[in-house]
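Working notes, structure below.
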Amino acid sequence: MSYKEQIDTLKLPQHVAIIMDGNGRWAKGKGKLRVFGHHNGVISVRDVVEAAGEIGVKYLTLYTFSSENWNRPKFEVTAIMELLIGTINKEIAKLMENNVRLNTIGDINMLPTKAARELTEAIRKTSSNTGLTLTLALSYSSRREIVAAARQLAEKVQQGLLKAEDIDEQLFADNLYTADMPDPELLIRTSGEYRISNYMLWQIAYAELYFTSKLWPDFRREDFFEAIVDYQKRERRFGKTSEQVN
Ligand code: IPE
Ligand code: IPE
Ligand code: MG
């Protein structure tokens, strides 16, 4: 039986987050430049977006470029930004066809003007789509997101619009970039690295973590379905006993 056939559509995670890692090593293994890996990574993105929409996942959030990634060699950063612009342009028709709503989280102001403009336009065009919400984390840092939320709340307190004692988990979450999304139930990281790299630290408090040694350009729809099947075998206890949740 294929992994897709093993999926219980009644127990799907609503939100899957992915740390797409390993493009550089994939290219290096083929004797090519790192940028070649990023180009091939886009094919995996397309595949996984379609797969997620197909089974009915509602939110897919892809770690596309971290705040820390700005520190990479200028050549690579420029190539990634150009790839982003080119890809959005090319994929918009497909997003419309698949009823995908595009969204971003992160410091979008940090992106080159052209990339920010293309993204804003694609977000506008796809805003009435009702299928999968595809969120690209771009120039994203979870700690910065948390600090920004704290600052916003502090300003409201300072202005007398809010009392400090009114700040609770829900209000805090409402001030994050992800305010209108449920927390991810499943976080996937490719490339054999076992770390979070400043991704959705608040939101993954109770996510199931799935690590695979596959490099991102090799990660395709069947791998995504395999991760979902693995997730569905787990018992999510949220601090309770096994007896309590069964
Ligand atoms: C992930 O692949 C893509 C980005 C971080 C932009 P990497 O570029 O990190 O590839 P490795 O980890 O060096 O192999
Ligand atoms: C995390 O990958 C960021 C993205 C996938 C966009 P990195 O390759 O930048 O993370 P580290 O450096 O291995 O922690
Ligand atoms: Mg990496």
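Being surrounded by 13 or more Cβ atoms within 10 Å (Cβ to Cβ) and of a type outside the set (S, T, N, Q) is the filter here, so list the residues in region 90-108 that pass it. Scanning region 90-108 gives Glu91, Ile92, Leu95, Met96, Val100, Arg101, Leu102, Ile105, Gly106, Asp107, Ile108. Taken across region 7-20, residues that are open to solvent by 50 Å² or more (accessible area, probe 1.4 Å) and within 14 Å of ligand 1 (Cβ to nearest atom) do not occur at all. When Tyr177, Tyr210 are checked against the criterion of being surrounded by fewer than 20 Cβ atoms within 10 Å (Cβ to Cβ), of a type in the set (Phe, Trp, Tyr), in contact with a strand residue (DSSP E or B) (Cβ under 7 Å, 6 or more places away or on another chain) and closer than 29 Å to Gly53 by Cβ, Tyr210 stands alone in meeting it. Taking Lys4 as the residue in question, decide whether it is surrounded by 14 or more Cβ atoms within 10 Å (Cβ to Cβ), modelled with pLDDT of 95 or more and within 17 Å of the chain's Cα centre (by Cα). Answer is no for this residue. Within the set Val49, Val45, the sole residue that is among the aliphatic types (A, V, I, L, M), buried (at least 20 other Cβ atoms within 10 Å of the Cβ) and within 12 Å of ligand 2 (Cβ to nearest atom) turns out to be Val45. Looking only at residues of region 1-32 that are away from ligand 2 (no atom under 16 Å from the Cβ) and hydrophobic (A, V, I, L, M, F, W, C), we find that the one that is farthest from Arg234 (Cα to Cα) is Met1.
The values are calculated or read from the model by the stated rules, or taken from the named source; none is laboratory data. This is a predicted model, so every value here is computed, not measured. Cβ coordinates were reconstructed from backbone atoms using ideal geometry, including for glycine residues, and neighbour counts include every protein chain displayed. Note: accessible area is taken over every heavy atom of the protein model, side chains too, but ligands, DNA and RNA are not part of it. Shrake-Rupley method; radii C 1.70, N 1.55, O 1.52, S 1.80 Å.
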